[in-house]
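**Student:** For reference, the structure I am asking about is given below.
The values are calculated or read from the model by the stated rules, or taken from the named source; none is laboratory data. Note that the coordinates shown come from a computational prediction; the quantities given were computed from them, not determined experimentally. All Cβ positions, glycine included, derive from the backbone under ideal geometry; neighbour counts span all protein chains shown. Only protein heavy atoms, including side chains, enter the accessible area calculation; ligands, DNA and RNA are left aside. Shrake-Rupley method; radii C 1.70, N 1.55, O 1.52, S 1.80 Å.
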Amino acid sequence: MNTSAVAGQKRVVFSGLVLPYLLLAPQLIITVVFFFWPAAQALWQSTQMQDAFGIGSEFVGLENFTTLFSTPEYLASFRLTAAFSTAVAVSGLVIALLLAVMANRVIRAATAYKTLLIWPYAVAPAIAAVLWLFLFSPAVGILALALRHVGVDWNHLLNGDQAFLLVVITSVWKQVSYNFLFFLAGLQSIPRSLLEAAAIDGAGPWRRFRTIVFPLLSPTTFFLLVVNVIYAFFDTFAVIDAATQGGPGGQTAVLVYKVYQDGFKGLDFGSSAAQSVVLMLIVTVLTVMQFRFIDRRVQY
């Protein structure tokens, strides 16, 4: 192995192929074992019709997929997931950006404010769901009682829209700290000389934010948009399971929770595997579309 300096940086050149592959081996093994192997198993099982005990199976081709898309409950779960992911991603980004801008302007006790805003990220999703479940408990919840005083009869156990709102609030609250950290880091990296020059030229706070701050934050915003969509699709399972368990009447059963319901509770392994494949394809397509279309508007 020898090295050569290129443009002030050392470029490592390997004389053989053994050492590079050995260095990559741990990452390749982890990727194959924990991603490609489960994905291949899900793809194979999606073409099988298994009995409830998992003893025997029969190859049925694409029958599980055709059955899925002819089922009204599954199509309803599609629409529900689209609304849920949009609400979580948009609300999480807007609230986190607002908090980051406000925290960035605080001079006294700034560290205390930032620490308090970061705390929710350290809370486990199930614990966060239980916390908001108590706050909105129809019998003893503080927020439920406050809503009752203003004429809103809150009962997420019976009202599907209120249950949906509860899981959205919990999911956003859990993720907003993550977004806040990135937005705050992005705000603090913007040169103050640019903002001061714009202020001297007569630009107000809103114009400075719209023409200088937000464009410079676009790489951070784009990264967080991708992360938040993936979070809404996959990482909100624990929140929904602890808060509503998909109820009432399937009003909060998004795609990832329906995979669990049909596979582990309904013991319909073929349908559950087909749903996993569809979910993986949806997230892949959404991510590719984000990079293909939204990435063009990002200024790096």
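**Student:** How big is Rg to Rh over region 243-292, alpha-carbon atoms, Rh as the Kirkwood inverse-mean-distance radius?
**Tutor:** That ratio equals 1.09.
**Student:** Rg and Dmax of region 82-140, Cα atoms, in Å?
**Tutor:** That works out to 14.6, 42 Å for Rg and Dmax.
**Student:** Leaving ligands, DNA and RNA out of it, rank TRP154, TRP132, TRP206 by accessible area with a 1.4 Å probe, largest first. Intermediate values should be presented prior to the final figure.
**Tutor:** Details: TRP154 10, TRP132 40, TRP206 170 Å².
Descending accessible area places them as TRP206, TRP132, TRP154.
**Student:** Magnitude of the Cβ-charge dipole of region 62-295, K/R +1 and D/E -1, about the Cα centre, nearest 20 debye?
**Tutor:** The dipole magnitude comes to about 880 debye.
**Student:** Hey, how many Å between the Cα centroid of region 208-237 and the Cα centroid of region 63-111?
**Tutor:** One Cα centre to the other: 11 Å.
**Student:** Another question, then. What does the accessible area of PHE69 come to, in Å² to the nearest 10, when a probe of 1.4 Å is used?
**Tutor:** Here the accessible area works out near 100 Å².
**Student:** Could you give the spread of the C-alpha atoms of region 18-170 along their three principal axes, from largest to smallest, in whole angstroms?
**Tutor:** If we take the Cα atoms of region 18-170, the spans are 60, 53, 25 Å.
**Student:** For the chain, with the dipole built from +1 on Lys and Arg beta-carbon atoms and -1 on Asp and Glu ones, taken about the Cα centre, which of TRP154, VAL227, ILE30 lies farthest toward the positive end?
**Tutor:** Farthest along the dipole direction, towards plus: VAL227.
**Student:** Sort LEU75, LEU279, LEU158 by accessible area with a 1.4 Å probe, largest first.
**Tutor:** On the way: LEU75 65, LEU279 10, LEU158 140 Å².
My answer, sorted largest first, is LEU158, LEU75, LEU279.
**Student:** Continuing with this model, one more query. Students sometimes get this wrong: rank LYS258, LYS265 by accessible area, probe 1.4 Å, all chains present, largest first.
**Tutor:** LYS265, LYS258
**Student:** For the chain, set up a Gaussian network in which alpha carbons nearer than 10 Å are linked by springs, and say which option among ALA100, ALA124, ALA274 fluctuates the most.
**Tutor:** ALA124
**Student:** Another question about this same structure. Hey, could you get me the Stokes-Einstein D for region 131-201, Kirkwood radius over alpha-carbon pairs, 25 °C and 0.890 mPa s, rounded to whole µm² s⁻¹?
**Tutor:** In µm²/s, the coefficient rounds to 162.
**Student:** Pick from SER70, SER271, SER218: which residue has the top mean-square fluctuation in a GNM of the chain where Cα pairs under 10 Å get a spring?
**Tutor:** Result for the chain, Cα springs under 10 Å: SER70 fluctuates most.
**Student:** Now, a different point. Can you give the accessible area of LEU216, probe radius 1.4 Å, in Å² rounded to 10?
**Tutor:** 90
**Student:** In addition: What do you get when you divide the Cα radius of gyration of the chain by 2.2 N^0.38 Å, with N the number of residues?
**Tutor:** Rg over 2.2 N^0.38 Å, computed on Cα atoms: 1.26.
**Student:** Let me ask you something else. When the chain is treated as a GNM, springs tying every alpha-carbon pair under 10 Å, which of TYR260, TYR113, TYR178 comes out with the largest mean-square fluctuation?
**Tutor:** Its mean-square fluctuation being the largest, the pick is TYR113.
**Student:** How big, in percent, is the set of alpha carbon pairs in region 133-259 lying more than 19 Å apart?
**Tutor:** Of the Cα pairs, 62 percent sit more than 19 Å apart.
**Student:** Hey, another quick one. Return the distance in nm (one decimal) between the two label points of a simple spin-label model at LYS265 and THR86, each offset 7 Å from Cα along Cα→Cβ.
**Tutor:** With each label point 7 Å from Cα toward Cβ, the separation is 2.6 nm.
**Student:** Next question. Among LEU166, SER46, PRO205, whose Cα sits farthest toward the positive end of the charge dipole of the chain (+1 at Cβ of Lys/Arg, -1 at Cβ of Asp/Glu, about the Cα centre)?
**Tutor:** Toward the positive end, the furthest listed residue is PRO205.
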